[in-house]
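Enquirer: I'd like to ask you about the structure that follows.
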Amino acid sequence: MRSVNRAREKRDLRGLTRLQLSEYLQSLDIPSSRAAHLFSWLYKLGSSDFSGLGGLLKKEYRDKLASASYLSSLELAQVERSEDGTVKYGFVLDDGAVIESVMIPAEGRNTLCISSQVGCAMGCKFCLTGLMGFERNLRPSEMVNQVMAVMEHMAQSGMTSVPAREIINNLVFMGMGEPLANYEHLITALTILMDERGFEFTERRVTVSTCGIVPRIEDLGRDIRVNIAVSLHAADDMTRSMLMPINQKYSVAQLLNACRSYPLAKKKVILFEYILIKGVNDSLDDAKQLAEKLTGISCRINLMPFNECDGLPYKCSEQECVIAFQEVLREAGLIALVRNSRGADISAACGQLASKTKADKKKT
């Protein structure tokens with residue numbers, strides 16, 4: 001396992017944007033003109049050490065890079081496969097913490113759900129990750145390397161019929177943690193992942209989820225173009241504050257105003273996630289209030305029956321209730337889809353990511 005000391009002593013190249021890499025090469029007296037080619041090489045499958053740079057950099061420059069920097073990677077600790085095809089990956093970080101990523105296959109595409117923190121500080125009452133508490137933010141390279149590691153694992157598993165960049169079609173920052181609470185590192189990771197010389201993910205293929213950190217929603221709309229998913233889960237302040245402590249700081253009205261102002265590309269919408277919890281937020285009155293509050297926002301609503309699990313007291317809404325709730329929204333002219341979470345049998349569904357946080361507790 002890579003030591004924490006090494007990460008402190010040397011510069012991790014997989015945590016640098018292309019511009020940052022160019023500036024870093026200059027600081028080492030290596031021609032910055034090599035930055036674009038080096039950046040592309042960093043994200044080719046199988047790029048693991050500087051010996052593979054023979055065609056890009058002369059030995060003098062390779063030696064400088066090797067002495068001052070390193071290429072980080074994630075240690076794959078566990079792979080679990082669901083009956084529905086979902087795959088959960090457990091990764092060990094250099095300090096022994098463990099994070100999880102989830103691959104969700106569908107017809108013609110693969111979507112990777114990425115974690116942005118070890119644990120979470122938001123404390124949402126229906127989420128197992130929140131019960132973990134907050135350990136730390138992930139570094140940019142630790143987010144980027146989730147993509148790299150899953151691509152490599154899938155390629156090694158026989159997915160060789162498509163280009164490496166097409167092994168994963170979509171990225172969703174919906175794993176462990178609140179992405180906007182790790183904002184600066186998130187933006188760096190997104191810049192790397194969306195660079196045309198790297199993974200080349202376009203804005204339509206990247207979605208960032210948030211529980212509602214209003215100032216950061218405004219920042220995100222200014223700093224980078226991606227899809228946004230908002231975990232709403234209640235339309236009134238009393239219920240939402242009970243379920244999601246963040247609402248005590250940023251009310252439903254403040255959150256929805258930020259959504260109205262969020263810059264959307266043509267034909268794009270805000271995605272609202274709404275977990276239906278029996279007897280808590282699933283009444284027809286809740287649906288009517290939700291429809292009223294979302295008036296005027298270009299949006300789609302994903303209705304998700306709650307994933308029951310040990311450690312949480314809530315129950316899933318009855319199917320009849322889910323359909324009735326959806327119908328109220330549709331009658332109001334809103335697009336509302338019922339989404340059954342994938343991977344529940346391996347604790348990979350929405351709200352179920354809650355890995356042990358030390359490597360000595362991992363399964364192998």
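Enquirer: Can you tell me how many residues in the range 284-301 are over 21 Å from Asn257 (Cβ atoms) and either exposed (fewer than 15 other Cβ atoms within 10 Å of the Cβ) or within 27 Å of the chain's Cα centre (by Cα) (or both)?
Expert: Going through the range 284-301 one residue at a time, the tally reaches 2.
Enquirer: I've got another one for you. Determine, yes or no, whether Asp95 is charged (D, E, K, R) and under 18 Å from Met174 (Cβ atoms).
Expert: Spelling it out, it is not the case that Asp95 is charged (D, E, K, R) and under 18 Å from Met174 (Cβ atoms).
Enquirer: Could you please give the count of residues in the range 87-125 that are among the charged types (D, E, K, R) and touching a strand residue (DSSP E or B) at 6+ places or on another chain (Cβ under 7 Å)?
Expert: From the range 87-125, those among the charged types (D, E, K, R) are 88, 94-95, 100, 107, 109, 125; that's our starting set.
Applying the additional criterion that residues be touching a strand residue (DSSP E or B) at 6+ places or on another chain (Cβ under 7 Å) yields 88, 100, 109.
Selection size over the range 87-125: 3.
Enquirer: Taking Val147, is it crowded, with 19+ Cβ neighbours inside 10 Å, of a type in the set (A, V, I, L, M, F, W, C), under 25 Å from Leu38 (Cα atoms) and touching a strand residue (DSSP E or B) at 6+ places or on another chain (Cβ under 9 Å)?
Expert: Numbers: crowded, with 19+ Cβ neighbours inside 10 Å: yes; of a type in the set (A, V, I, L, M, F, W, C): yes; under 25 Å from Leu38 (Cα atoms): yes; touching a strand residue (DSSP E or B) at 6+ places or on another chain (Cβ under 9 Å): yes.
Considered against the rule, which asks whether it is crowded, with 19+ Cβ neighbours inside 10 Å, of a type in the set (A, V, I, L, M, F, W, C), under 25 Å from Leu38 (Cα atoms) and touching a strand residue (DSSP E or B) at 6+ places or on another chain (Cβ under 9 Å), Val147 comes out as yes.
Enquirer: Right, here's the next one. For the range 50-64, name all the residues that are at pLDDT 85 or above and surrounded by fewer than 19 Cβ atoms within 10 Å (Cβ to Cβ).
Expert: Listed by number, the residues that qualify are Leu56, Lys58, Lys59, Glu60, Arg62, Asp63, Lys64.
Enquirer: Here is a further query. Could you go through the range 91-105 and let me know if any residue there is touching a Gly at 6+ places or on another chain (Cβ under 6 Å) and outside any strand (DSSP E or B).
Expert: No: zero hits.
Enquirer: Mind listing whichever residues of the range 268-280 are surrounded by fewer than 22 Cβ atoms within 10 Å (Cβ to Cβ) and over 23 Å from the mean Cα position of the chain (by Cα)?
Expert: We begin by selecting, within the range 268-280, every residue surrounded by fewer than 22 Cβ atoms within 10 Å (Cβ to Cβ); these are 268-269, 271, 273, 278-280.
Correct list: Lys278, Gly279, Val280.
Enquirer: Now a separate question. When you go through Gly85, Gly46 one by one, which is the residue that is surrounded by fewer than 18 Cβ atoms within 10 Å (Cβ to Cβ), outside any strand (DSSP E or B), assigned by TED's automatic domain parsing to the domain that holds Glu152 and under 24 Å from the mean Cα position of the chain (by Cα)?
Expert: So the residue among Gly85, Gly46 that is surrounded by fewer than 18 Cβ atoms within 10 Å (Cβ to Cβ), outside any strand (DSSP E or B), assigned by TED's automatic domain parsing to the domain that holds Glu152 and under 24 Å from the mean Cα position of the chain (by Cα) is Gly85.
Enquirer: With the requirement that a residue be among the polar types (S, T, N, Q) and touching a Pro at 6+ places or on another chain (Cβ under 6 Å), what does the range 37-86 give you?
Expert: Passing the criteria: none in range.
Enquirer: Restricting to the range 24-56, name every residue that is of a type in the set (A, V, I, L, M, F, W, C) and either under 19 Å from Ile167 (Cβ atoms) or touching a strand residue (DSSP E or B) at 6+ places or on another chain (Cβ under 8 Å) (or both).
Expert: Let us first name the residues in the range 24-56 that are of a type in the set (A, V, I, L, M, F, W, C), namely 25, 28, 30, 35-36, 38-39, 41-42, 45, 50, 53, 56.
Of everything in the range 24-56, those that are of a type in the set (A, V, I, L, M, F, W, C) and either under 19 Å from Ile167 (Cβ atoms) or touching a strand residue (DSSP E or B) at 6+ places or on another chain (Cβ under 8 Å) (or both) turn out to be Trp41, Leu42, Leu45.
Enquirer: For the list (1) in the same structural domain as Leu138 (by TED's automatic domain parsing); (2) of a type in the set (Lys, Arg); (3) in contact with a Leu (Cβ under 7 Å, 6 or more places away or on another chain), I need the number of the one condition that Arg14 fails.
Expert: That leaves (1) as the condition not met.
The values are calculated or read from the model by the stated rules, or taken from the named source; none is laboratory data. Here the structure is a predicted model, which means the values were calculated and not measured. Here Cβ is always computed from backbone atoms with ideal geometry, including for glycine, and neighbour counts include all displayed protein chains.
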